[in-house]
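What follows is a short report on a single structure.
The values are calculated or read from the model by the stated rules, or taken from the named source; none is laboratory data. Just so you know, these numbers come straight off a predicted model, no measurement behind them. With ideal geometry, Cβ positions are generated from the backbone for all residues, glycine too; neighbour counts draw on all protein chains shown.
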């Protein structure tokens, strides 16, 4: 098991703040109102308001200001069990929120429900048996596939996580049965509710972190008294409760507020004088690596590769901390050949592998930019901590009088 990480859960008058740290370095942050409205992962009973065959989607009332967007077509594994599943205006439908509403866009919904656990993801609406992309070794992949079939027994679908390879079969089986029991309760609940209604809420953020990281890291969870429940935590997570004064000391001692403030800056300074310039935009995000005053290359490497490799870890951390999603382009310092690009790409893949959220490294473009895509699961850090300027509208510029 890898070196440990720390989760801090801090309570203010309005918010619950959660920070994930490794050796004092802030990796992930979440802030939610005490009666928050974040819906990602929530299973809901919605009502179909309008079906648009031309765009192959429907708008579904889920009790929010904006109707959710539900594609007519789901994964093939879903339709293999549920047929064409036509959507009819006025009908109730059980959906799960994949992306929360943003700006003028409603939440993105799916009927192919996924219930996450520590060892697997349960797919109650299909019979698909899959394996996490983190499992790359052919022998481990085959073992995980066989494990999934043993656990599912063609009653539901599963995606086996890497952590399941190191767990007892009985533990994996018990988790699958518990998740399936939860799903059966959801179905029973839906039959007695009037839409729109919440059927199953996603777990609090500290429980999500514990669930996703406890198999790979030793975890210490520190929370203010009365904030974090312990009954849903994995057994190997060390939990301690503290009063507000002690939590404030931990928060300040790890410089969480300062690290958050720095994560909102456009420029990030790196050791040796190099820097990153990060621009966050609607369509894509860009990260520019600028060389610094350090002109000494490591043995067997060019100066450009040396500086790029030294920046890779911080780039991965900034992507994770800022919760950037969608298309990300990284403009590294120009290197000498394709071998150096391949070495740098491997280093980026390794640095990004620690993130619980899936990031795909697509390779270098013809212009020498490293292209990444990262799954959107929640709002970016900037959206959580800031609001657009009332004078410039968020552009950073004001019109001339």
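Every residue, every condition in (1) surrounded by 13 or more Cβ atoms within 10 Å (Cβ to Cβ); (2) under 23 Å from the mean Cα position of the chain (by Cα); (3) without any contact (Cβ under 8 Å) to a residue 12 or more places away in the chain; (4) not assigned by TED's automatic domain parsing to the domain that holds residue 225, yes or no:
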{"site": "246", "(1), (2), (3), (4)": "yes, no, yes, no"}
{"site": "249", "(1), (2), (3), (4)": "no, no, yes, no"}
{"site": "252", "(1), (2), (3), (4)": "no, no, yes, no"}
{"site": "255", "(1), (2), (3), (4)": "yes, no, no, no"}
{"site": "270", "(1), (2), (3), (4)": "yes, no, no, yes"}
{"site": "275", "(1), (2), (3), (4)": "yes, no, no, yes"}
{"site": "278", "(1), (2), (3), (4)": "yes, yes, no, yes"}
{"site": "282", "(1), (2), (3), (4)": "no, yes, yes, yes"}
{"site": "285", "(1), (2), (3), (4)": "yes, yes, no, yes"}
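Filtered by the rule that a residue be in a loop (DSSP other than H, G, I, E, B), surrounded by 19 or more Cβ atoms within 10 Å (Cβ to Cβ) and over 23 Å from the mean Cα position of the chain (by Cα), segment 127-172 gives a lone residue, 156. The one condition from (1) surrounded by 19 or more Cβ atoms within 10 Å (Cβ to Cβ); (2) closer than 20 Å to residue 377 by Cβ; (3) out of contact with any helix residue (DSSP H, G or I) (no Cβ under 8 Å at 6 or more places or on another chain); (4) modelled with pLDDT of 90 or more that residue 219 does not meet is (3).
Taking the conditions exactly as written (part of a helix (DSSP H, G or I) and surrounded by fewer than 18 Cβ atoms within 10 Å (Cβ to Cβ)), does residue 340 satisfy them or not? So residue 340 fails the test.
For segment 195-259, give me every one of the strands (runs of 3 or more DSSP E) that falls completely inside it and has 1 or more residues that are more than 23 Å from residue 25 (Cβ to Cβ). Give the steps one after another, and end with the answer.
Values: elements: 197-200, 217-224, 237-242.
Hits in segment 195-259: 197-200, 237-242.
For segment 28-60, the candidate set comprises residues that are free of Cβ contacts under 8 Å to residues at least 40 places away in the same chain and within 20 Å of residue 386 (Cβ to Cβ); within that set, the residue that is surrounded by the most Cβ atoms within 10 Å (Cβ to Cβ) is 36. Do we find a residue being more than 30 Å from residue 270 (Cβ to Cβ) and not in a strand (DSSP E or B) anywhere in segment 16-31? No, because not a single residue in segment 16-31 is more than 30 Å from residue 270 (Cβ to Cβ) and not in a strand (DSSP E or B).
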